[in-house]
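Below: one structure, written as structure tokens.
The values are calculated or read from the model by the stated rules, or taken from the named source; none is laboratory data. All of these numbers come straight from a predicted model, not from anything done at the bench. Neighbour counts run over all protein chains shown; Cβ positions are idealised from the backbone, glycine included.
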Ligand SMILES: N[C@@H](CCC(=O)N[C@@H](CS)C(=O)NCC(=O)O)C(=O)O
């Protein structure tokens, strides 16, 4: 049996972790079915098999793999058809690109999404989220959150992707691949939390819609948190 341990909100169907979305998209790309094991932030016991406390964790028969990029590499090694990252230099370049894009997009998105995450998680998770994130961010959640500044910074950070997608439908070319899922996970994070801090009619907006359509055609509608009115940039 194949199991994906992933993060859930108070609603068990609300899955919002960007790293877990990467793996969902990668498993779909490979055509591999799995059982979802949605966990709250503070529900760490099921992760003991992985020797660490973060999701995603993929259990595939006797193999237990954590970390989204390591899972991509595991999937490529174990199921070589339809490569995600490719081998050798290609895999290394994909990892580099993931780092660069991730660094650029994560902070702007966090400024937008931190209050949303706090709002959608179970009450028992809220203290844990606040304590761990305030320690990591070096400020209170309220002082850190700044959706307007985040949206401006995100638009700037998306400019290279916007230019890249002017010439091709996917980051990896004519069809979606590992780079699309590594980056796309961040967009699913925002989307599931009920926000859309990018313009629908941008190249990036159209690219995300293609990924979403593809996912929903195969797996059904993606659960989104209720919105409070703040929508597309
Ligand atoms: N580098 C890891 C990051 C994993 C990670 O940070 N996961 C978060 C969910 S978005 C987590 O498990 N957080 C649980 C916690 O903070 O206790 C990956 O790519 O999978």
Legend entry - Number of the condition not met by residue 56 [criteria: (1) within 26 Å of residue 120 (Cβ to Cβ); (2) more than 16 Å from the ligand (Cβ to nearest atom)]: (2)
Inset, instruction - Scan (1) touching a residue at least 40 places away in the same chain (Cβ under 8 Å); (2) in contact with a strand residue (DSSP E or B) (Cβ under 8 Å, 6 or more places away or on another chain) for the single condition residue 72 breaks and write down its number. - result: (2)
Inset, instruction - Kindly indicate which of 67, 62, 11 is modelled with pLDDT of 95 or more, within 10 Å of the ligand (Cβ to nearest atom) and surrounded by fewer than 20 Cβ atoms within 10 Å (Cβ to Cβ). - result: 67
Inset, instruction - Filter segment 70-97 for residues that are exposed (fewer than 13 other Cβ atoms within 10 Å of the Cβ), within 18 Å of residue 171 (Cα to Cα) and within 19 Å of the chain's Cα centre (by Cα) and give the result. - result: 96
Legend entry - segment 104-156 - residue that is over 19 Å from the mean Cα position of the chain (by Cα) and not in a helix (DSSP H, G or I) and, of those, nearest to residue 203 (Cα to Cα): 146
Inset, instruction - Considering every residue within segment 153-170, establish whether at least one is in contact (Cβ under 8 Å) with a residue 12 or more places away in the chain and under 30 Å from residue 35 (Cβ atoms). - result: yes
Legend entry - Condition met for residue 38 (more than 10 Å from the ligand (Cβ to nearest atom), crowded, with 16+ Cβ neighbours inside 10 Å, outside the structural domain of residue 14 (by TED's automatic domain parsing) and at pLDDT 95 or above): no
Inset, instruction - Please find, among 47, 28, the residue that is in a helix (DSSP H, G or I) and out of contact with any strand residue (DSSP E or B) (no Cβ under 8 Å at 6 or more places or on another chain). - result: 28
